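Data block below; observations after.
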Amino acid sequence: MRSLGDPAFFRLFDALVVEANPQAGLKKPRWSIADTDWQWERHTFGGATHSFTMETCTVVRRPPKSWTLLVVKEFWWTADQRKPLRDLRWAKLVSGSRADTMRWLQARDRTRLAFGGASNISD
């Protein structure tokens, strides 16, 4: 994983979210992984010709090496489509050190690989 835009980042991010929310389709609004606090929100709009859903997840690492990461997923549909017309995702480091953030993510990835998916998740 080289950057927050790397496909490997989104695979790891999705895996961490799924581990914290084992019931498919039911996401908790808040949870913790190791020394980070996660907050998830969904925003939806449906109109006559199009609709969209935006999911945001804010990850905040507690001090001393604190940082805040925002991850956004957008899905757009026209009225007659079953599959999204467009879907996109992006991540932005809102505050803190990019190097510290990447080290934390890489450590979670190594932990997942070593323990078969467990990432020190708590409620």
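The values are calculated or read from the model by the stated rules, or taken from the named source; none is laboratory data. Because the structure is predicted, anything quoted here is derived from the model rather than measured. Every residue, glycine as well, gets a Cβ built from its backbone with ideal geometry; the counts of neighbours run over all protein chains shown.
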Condition first: touching an Asp or Glu at 6+ places or on another chain (Cβ under 8 Å) and closer than 16 Å to F75 by Cβ. Now tell me which residues in segment 1-42 satisfy that. W40, E41, R42
Does L26 meet the test of being hydrophobic (A, V, I, L, M, F, W, C), in contact with a strand residue (DSSP E or B) (Cβ under 9 Å, 6 or more places away or on another chain) and either closer than 11 Å to L105 by Cβ or outside any helix (DSSP H, G or I) (or both)? no
Could we say that Q23 is at pLDDT 95 or above and not small (G, A, S) here? no
Scan segment 77-118 residue by residue and report those that are farther than 18 Å from L4 by Cβ and either of a type in the set (S, T, Y) or at pLDDT 95 or above (or both). T78, T111
Looking at this structure, is E74 in contact with a strand residue (DSSP E or B) (Cβ under 7 Å, 6 or more places away or on another chain), free of Cβ contacts under 8 Å to residues at least 60 places away in the same chain and surrounded by fewer than 16 Cβ atoms within 10 Å (Cβ to Cβ)? no
For segment 39-70, which residues satisfy the criterion of being part of a loop (DSSP other than H, G, I, E, B) and either closer than 25 Å to L26 by Cβ or among the aliphatic types (A, V, I, L, M) (or both)? A48
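So that you can scan it fast, the table gives a plain yes or no per residue for (1) closer than 19 Å to R11 by Cα; (2) touching a Gly at 6+ places or on another chain (Cβ under 7 Å); (3) surrounded by fewer than 16 Cβ atoms within 10 Å (Cβ to Cβ); (4) not charged (D, E, K, R):
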{"position": "R42", "(1), (2), (3), (4)": "no, no, yes, no"}
{"position": "F45", "(1), (2), (3), (4)": "no, no, yes, yes"}
{"position": "T49", "(1), (2), (3), (4)": "no, no, yes, yes"}
{"position": "P64", "(1), (2), (3), (4)": "no, no, yes, yes"}
{"position": "Q81", "(1), (2), (3), (4)": "no, no, yes, yes"}
{"position": "P84", "(1), (2), (3), (4)": "no, no, yes, yes"}
{"position": "V94", "(1), (2), (3), (4)": "no, no, yes, yes"}
{"position": "T101", "(1), (2), (3), (4)": "yes, no, no, yes"}
{"position": "Q106", "(1), (2), (3), (4)": "yes, no, yes, yes"}
Of the numbered conditions (1) within 22 Å of P7 (Cα to Cα); (2) modelled with pLDDT under 95, M54 satisfies every one except a single condition; which is it? (2)
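Quick one: which residue in F45, F9 is within 25 Å of R86 (Cβ to Cβ) and either in contact (Cβ under 8 Å) with a residue 40 or more places away in the chain or touching a Pro at 6+ places or on another chain (Cβ under 8 Å) (or both)?
Every option except F9 fails the conditions.
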Looking only at segment 81-100, how many residues end up being without any contact (Cβ under 8 Å) to a residue 40 or more places away in the chain, part of a strand (DSSP E or B) and under 18 Å from the mean Cα position of the chain (by Cα)? 4
